[in-house]
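Enquirer: Just passing along the structure, written as structure tokens.
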Amino acid sequence: MRFPGDAAYAVGVAKIGDEVRILAPLCDDERISIVEVYDNQAALERTGSRTGEPTLAPYWKVADPHSDAAAKGEFVIGRDSSFTRVLVLAKSGAVRPEISAVEITVLRADRRHVVGDAFRLKEVPEFQSGTDAKSVKYVYDQGANSEKLLTPSQISEESGCAFDYVA
């Protein structure tokens, strides 16, 4: 198990059929408020005009999950139907970003906390369409020395609460 402050927040990522599934570990008293996915590859390929820093390229942004699964951190990138508000539509017909960043605003009581992670699509494990999302192994802590393939229950055991991680 991780302890607060010893590592960055990480999400689990798996591809089932053509859906990219995210498993964002949360504690029972936490819930997702906003999900933002950025195209980090596009950001690396262009820079801001004034600062010379990479410009974030929003790929998908949603808020207010209305499915319990999405509120508790399980969602498919681009599946708008799990959320009440769609602020940026996933780029339909466009190639999914090869390098994506996921930023999640989490609520606990009346407090907000933002956590995030990034992943490379080509390094995400793939499963056949229709495979039960609870039975697959998600890449977790991708790119870190401790990168693992874990089931949803193993990710929950490994992670702790989102509020435990530095924003």
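Enquirer: Rounded to the nearest 0.05, what FRET efficiency is calculated for Gln154 and Ala109 with R0 set to 25 Å and r the Cβ-Cβ distance?
Expert: Given R0 = 25 Å and the Cβ-Cβ separation, E is 0.35.
Enquirer: I would also like to ask the following. Say a paramagnetic label sat at a point 7 Å from the Cα of Arg120, along Cα to Cβ; which residues of the range 10-42 have their backbone N under 13 Å from it?
Expert: 41
Enquirer: May I ask you to work out the translational diffusion coefficient for the range 108-167 at 25 °C, viscosity 0.890 mPa s, via Stokes-Einstein with Rh from the Kirkwood sum over Cα pairs, reported in whole µm²/s?
Expert: Stokes-Einstein gives a translational diffusion coefficient of 182 µm²/s.
Enquirer: Ok, one more. Over 21 Å between Cα atoms: which of Lys61/Lys148; Lys122/Lys148; Lys15/Lys148; Lys61/Lys137 fall into that group?
Expert: Lys61/Lys148; Lys61/Lys137
Enquirer: Hey, another quick one. Based on the mean of other Cβ atoms within 10 Å per residue, sort peptides 67-80, 11-24, 99-112 so the most packed one is first.
Expert: So the peptides 67-80, 11-24, 99-112, ranked by packing, come out 11-24, 67-80, 99-112.
Enquirer: Can you pull the percent of the range 115-167's accessible area that's carbon plus sulfur, 1.4 Å probe, other chains left in place?
Expert: Carbon plus sulfur share of accessible area: 45 percent.
The values are calculated or read from the model by the stated rules, or taken from the named source; none is laboratory data. What you are looking at is a predicted structure, and each value in this text was computed from that prediction instead of being measured. In this analysis, Cβ positions are derived from the backbone assuming ideal geometry, glycine residues included, and neighbour counts consider all displayed protein chains. Only protein heavy atoms, including side chains, enter the accessible area calculation; ligands, DNA and RNA are left aside. Shrake-Rupley method; radii C 1.70, N 1.55, O 1.52, S 1.80 Å.
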